[in-house]
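Asker: What follows is a single structure, and I will ask about it in a moment.
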Amino acid sequence: MVASLAAAEQGARVVLLEKTGRPGGNTAMSQGMIPAAGTRFQSQAGIHDSPELMAQDIFRKNNRESDAALTLLLCAQSKHLVEWLVDVIGIDLRLVTEFAYPGHTRFRMHAPPTWTGQSLVADLVEAVRERDKILVALNTPVRSLVTDDHGDVVGVIAGTEAGERIKCRKVILALNGFGANPDMIRQYCPTIATAIYHNHPGNTGDGIEWGTQLGAALENMGAFQGHASVSYPDNIMVTWAVMMSGGILVNRDGNRFGDETKDYSAYALDVLDQPEGLAFDIFGEESYEIAAKGSEFQELMRTQAIKKAGTIEELAGSLNIDGQNLERTIGDYNLARSSGGDTFGRTDFGSSLSTPLFGIQVTAALFHTQGGLRVDSRARLLRSNGDVVPNLYAGGGTAVGISGSGPAGYLSGNGLLTALGWGKIAGEDAARTILGL
């Protein structure tokens with residue numbers, strides 16, 4: 001939708017093909033938080049940030065395993081992306097200052113007031129419907145790309161099983177990755193293959209397959225975003241704000257097993273290693289109040305997945321975990337918070353763990369893959385020799401992300417930054433090339 005809006009703004013006519021009955025994909029299932037550096041919203045809040053600082057945070061997280069020039073480009077474009085979405089497209093985005101995600105040295109998340117991707121998608125859908133130059137076709141899966149005798153992409157086959165040929169000047173692949181394709185996950189991301197998949201079922205890797213058929217190069221296919229805190233068995237994401245504001249994760253034995261503020265993507269593998277592949281978010285009232293601003297957390301409140309207790313013993317009983325160990329764990333944690341020397345090296349503690357206490361049973365999940373097809377600074381697909389695949393663009397999880405080669409390189413917001421960032425870049429470039437601008 002962002003690519004379509006960007007192309008239409010330049011004057012191009014766009015057909016947006018969606019294989020399901022409702023647009024949204026992974027974006028609708030996210031928190032809708034877009035990282036951006038140097039926005040006026042940050043300036044108004046007295047926050048100094050820059051694309052260079054943002055890129056440094058990304059490189060620190062991914063061990064400089066992403067393309068340096070493309071990473072800095074996306075960071076530089078992020079300010080324009082967010083302000084364009086607000087000023088031109090009409091999306092309601094606000095700077096999130098209640099908490100910072102692990103690895104970000106500045107408050108730079110811009111999100112809808114509800115902290116949900118559903119709100120972001122709803123606003124994008126409305127904006128698309130208002131543009132006469134964009135035709136949306138739902139329940140219209142693309143079957144394959146069409147090329148001419150020179151190998152240039154000139155259209156797609158879409159629709160019914162037989163398919164209908166649609167001619168076009170440019171194609172933008174905005175299909176996310178392959179999280180819903182178990183065979184590809186086992187091949188490229190085997191360490192997370194046993195986790196539940198918590199995202200859109202349409203992400204079956206089609207775009208990556210079409211690109212490779214035309215010779216496009218693959219990069220960092222083992223990269224993915226995991227999440228260490230999805231309620232079980234409800235399968236509702238528990239915002240990591242509860243950890244960053246003072247919560248801890250324990251296993252069935254009532255013991256912590258790592259620094260909760262270091263990472264929630266790679267930390268998913270640590271959760272999988274616990275007995276039964278389960279863990280328990282334990283947090284206090286301040287964390288509860290912060291998390292309750294998000295609609296997903298409000299859904300957890302409605303399902304009664306969150307247990308509240310006036311004592312540690314009562315909470316342990318409601319969660320069926322070892323009460324004596326939990327009491328010792330919380331005591332050790334609070335002591336480390338006041339005097340330092342946490343066993344696992346945590347230094348950012350947030351509020352103390354005091355009654356009333358809250359707990360949620362959680363498991364690990366795969367959110368989305370971060371590897372994909374190689375692109376250039378215009379979001380055009382590249383072959384292994386550096387040649388451009390004519391007329392073909394990619395973004396989001398179809399294009400390689402900026403999270404390096406594995407789960408530990410994921411920095412919060414990398415997914416929406418590449419999805420919406422490349423979408424705007426690709427839409428504008430495709431339209432300007434067609435129209436000779």
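The values are calculated or read from the model by the stated rules, or taken from the named source; none is laboratory data. Since we're looking at a predicted model, the values are computed, not measured. Using ideal geometry, Cβ is built from the backbone for each residue, glycine included, and neighbour counts are taken over all protein chains shown.
Asker: Going through segment 65-75 one residue at a time, which ones are touching a Ser or Thr at 6+ places or on another chain (Cβ under 9 Å) and either more than 14 Å from HIS104 (Cα to Cα) or surrounded by fewer than 23 Cβ atoms within 10 Å (Cβ to Cβ) (or both)?
Answerer: So in segment 65-75, the residues touching a Ser or Thr at 6+ places or on another chain (Cβ under 9 Å) come out as 65-66, 69-70, 73-75.
Selection gives GLU65, SER66, ALA69, LEU70, LEU73, LEU74.
Asker: Do you know which of the residues in segment 196-225 that are under 17 Å from the mean Cα position of the chain (by Cα), at pLDDT 95 or above and small (Gly, Ala, Ser) is farthest from LEU278 (Cα to Cα)?
Answerer: Restricting to residues being under 17 Å from the mean Cα position of the chain (by Cα), at pLDDT 95 or above and small (Gly, Ala, Ser), the top hit is GLY205.
Asker: Hey, any hits in segment 388-400 for a residue that's outside the structural domain of CYS168 (by TED's automatic domain parsing), modelled with pLDDT of 95 or more, surrounded by fewer than 24 Cβ atoms within 10 Å (Cβ to Cβ) and not basic (Lys, Arg)? So that I can check it myself, show each step before the final result.
Answerer: The first filter runs over segment 388-400 and keeps only residues outside the structural domain of CYS168 (by TED's automatic domain parsing), leaving none.
No, the conditions are met nowhere in segment 388-400.
Asker: Residue under question is ARG131, and the condition is that it be more than 25 Å from SER4 (Cα to Cα) and surrounded by 13 or more Cβ atoms within 10 Å (Cβ to Cβ); does it hold?
Answerer: no
Asker: Given the options ALA279, ALA309, name the one that is touching a Pro at 6+ places or on another chain (Cβ under 8 Å) and either modelled with pLDDT under 95 or hydrophobic (A, V, I, L, M, F, W, C) (or both).
Answerer: Details: ALA279 fails: touching a Pro at 6+ places or on another chain (Cβ under 8 Å).
Of the residues listed, the single one that is touching a Pro at 6+ places or on another chain (Cβ under 8 Å) and either modelled with pLDDT under 95 or hydrophobic (A, V, I, L, M, F, W, C) (or both) is ALA309.
Asker: When you scan segment 4-74 for helices (runs of 4 or more DSSP H) that lie fully inside it, which ones turn up with 2 or more residues that are at pLDDT 95 or above and under 22 Å from ASN220 (Cα atoms)? Steps first, answer last, please.
Answerer: Details: elements: 25-28, 40-44, 51-62.
Qualifying helices (runs of 4 or more DSSP H): 51-62.
Asker: Moving to a separate point now. Looking only at segment 1-53, filter to residues that are among the charged types (D, E, K, R) and under 30 Å from PHE99 (Cβ atoms); which one of those is surrounded by the most Cβ atoms within 10 Å (Cβ to Cβ)?
Answerer: My answer is ASP49.
Asker: Restricting segment 317-341 to residues that are at pLDDT 95 or above and in a loop (DSSP other than H, G, I, E, B), which is farthest from ASP253 (Cα to Cα)?
Answerer: Among those that are at pLDDT 95 or above and in a loop (DSSP other than H, G, I, E, B), it is ASN320.
Asker: Which residues, taken from segment 155-179, are surrounded by fewer than 20 Cβ atoms within 10 Å (Cβ to Cβ) and out of contact with any Leu (no Cβ under 9 Å at 6 or more places or on another chain)?
Answerer: If the condition is that a residue be surrounded by fewer than 20 Cβ atoms within 10 Å (Cβ to Cβ) and out of contact with any Leu (no Cβ under 9 Å at 6 or more places or on another chain), then THR160, GLU161, ALA162, GLY163, GLU164, ARG165, LYS167, CYS168, ARG169 are the ones that fit.
Asker: Next question, about the same structure. Determine which single condition PRO112 fails, assuming it passes every other condition in (1) surrounded by 19 or more Cβ atoms within 10 Å (Cβ to Cβ); (2) out of contact with any Asp or Glu (no Cβ under 7 Å at 6 or more places or on another chain); (3) closer than 21 Å to GLY25 by Cα.
Answerer: (2)
Asker: Further, regarding this structure: Looking only at helices (runs of 4 or more DSSP H) that fall completely inside segment 212-314, which ones have 3 or more residues that are aliphatic (A, V, I, L, M) and buried (at least 24 other Cβ atoms within 10 Å of the Cβ)? Before you say what the answer is, go through the steps one by one.
Answerer: Working: elements: 241-244, 267-272, 285-291, 295-303.
In segment 212-314, 241-244 are the helices (runs of 4 or more DSSP H) which contain 3 or more residues that are aliphatic (A, V, I, L, M) and buried (at least 24 other Cβ atoms within 10 Å of the Cβ).
Asker: Okay, next question. Just need a number here: residues in segment 398-418 that are among the hydrophobic types (A, V, I, L, M, F, W, C), closer than 21 Å to ILE172 by Cβ and touching a strand residue (DSSP E or B) at 6+ places or on another chain (Cβ under 9 Å).
Answerer: Number of matching residues: 4.
Asker: Here's something else I'd like to know. Looking at (1) farther than 23 Å from THR369 by Cα; (2) touching a residue at least 24 places away in the same chain (Cβ under 8 Å), which is the one condition that is false for ALA292?
Answerer: That leaves (2) as the condition not met.
Asker: Hey, another quick one. Pick out the one residue from THR343, THR398 that is under 18 Å from the mean Cα position of the chain (by Cα) and not hydrophobic (A, V, I, L, M, F, W, C). It would help to see each step written out before you state the result.
Answerer: Details: THR343 fails: under 18 Å from the mean Cα position of the chain (by Cα).
Criteria check complete, one pass: THR398.
Asker: Mind listing whichever residues of segment 298-328 are under 21 Å from SER352 (Cβ atoms) and among the hydrophobic types (A, V, I, L, M, F, W, C)?
Answerer: ILE306, ALA309, ILE312, LEU315, ALA316, LEU319, ILE321, LEU326
Asker: Residue check, TRP115 against (1) of a type outside the set (Val, Ile, Thr); (2) modelled with pLDDT under 95; (3) more than 30 Å from ILE236 (Cβ to Cβ), all met but one. Which one?
Answerer: With respect to (1) of a type outside the set (Val, Ile, Thr); (2) modelled with pLDDT under 95; (3) more than 30 Å from ILE236 (Cβ to Cβ), TRP115 is out only on (3).
Asker: Restricting to segment 412-437, name every residue that is among the aliphatic types (A, V, I, L, M) and modelled with pLDDT of 95 or more. Reasoning before the result, please.
Answerer: Residues of segment 412-437 among the aliphatic types (A, V, I, L, M): 416-417, 419-420, 425-426, 430-431, 434-435, 437.
LEU416, LEU417, ALA419, LEU420, ILE425, ALA426, ALA430, ALA431, ILE434, LEU435 - these are the residues of segment 412-437 that are among the aliphatic types (A, V, I, L, M) and modelled with pLDDT of 95 or more.
Asker: ALA365 versus (1) in contact with a His (Cβ under 9 Å, 6 or more places away or on another chain); (2) aliphatic (A, V, I, L, M); (3) in a loop (DSSP other than H, G, I, E, B): which is the lone unmet condition?
Answerer: (3)
Asker: (1) free of Cβ contacts under 8 Å to residues at least 24 places away in the same chain; (2) in contact with a strand residue (DSSP E or B) (Cβ under 6 Å, 6 or more places away or on another chain): which one isn't true of GLU260, the others all being true?
Answerer: (1)
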